[in-house]
Amino acid sequence: MFWLILTILEIILLILGVSFPLARIDEFWIFTSEFSILSISRDLIIADEFLLGVIVFSFGLLFPLVKIVFRLTGYELINRYNLHKFSMVDIFLISFLVFSAKVSNYFDLNLLIGFYFLISSVLLGYIQIVFNK
């Protein structure tokens, strides 16, 4: 029962993480924009970058959800092919943005609540993998 509650919490945090803004970029101290995984996917698809939008959506939302469902059902496809390595692609890319903002004089980046929801979801998933075996 405890693991089921943690899994439900992980799903809720994941959905909040991809829905709420991940970061705010301030460019030249004038322009400000916020983005989430869903808004990035939508904007890429609207800009006719369909493949890139689908990739962001897949690795940001669909793949983590499939991972959680497979873990609940006991299906070992993800473990068999080492697909769990892709679970932090979005966090990895955000770390590059943070680094770029820290060394740049042209834009600043502030992490927002969506990032913390997303990283909490990932950490809950790893806790369940490590302690539920």
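Key figures
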{"item": "Given (1) over 20 Å from S95 (Cβ atoms); (2) in a helix (DSSP H, G or I), number of the condition V56 does not satisfy", "result": "(1)"}
{"item": "Test result for F20, under 12 Å from F115 (Cα atoms) and open to solvent by 60 Å² or more (accessible area, probe 1.4 Å)", "result": "yes"}
{"item": "Of residues in the stretch 29-51 being of a type outside the set (D, E), assigned to a loop (DSSP other than H, G, I, E, B) and modelled with pLDDT of 85 or more, the one least open to solvent (accessible area, probe 1.4 Å)", "result": "S36"}
{"item": "Selected residue [over 25 Å from S100 (Cα atoms) and within 13 Å of the chain's Cα centre (by Cα)] from I11, I55, I68", "result": "I11"}
{"item": "Residues of the stretch 81-127 satisfying the condition of being in a helix (DSSP H, G or I), polar (S, T, N, Q) and at pLDDT below 70", "result": "S87"}
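The values are calculated or read from the model by the stated rules, or taken from the named source; none is laboratory data. Owing to the predicted nature of the structure, the values given are computational and were not obtained by experimental measurement. Neighbour counts are summed over all protein chains in view; Cβ atoms, including those assigned to glycine, are modelled from backbone coordinates with ideal geometry. Heavy atoms of the whole protein, side chains included, go into the accessibility calculation; ligands, DNA and RNA do not. Shrake-Rupley method; radii C 1.70, N 1.55, O 1.52, S 1.80 Å.
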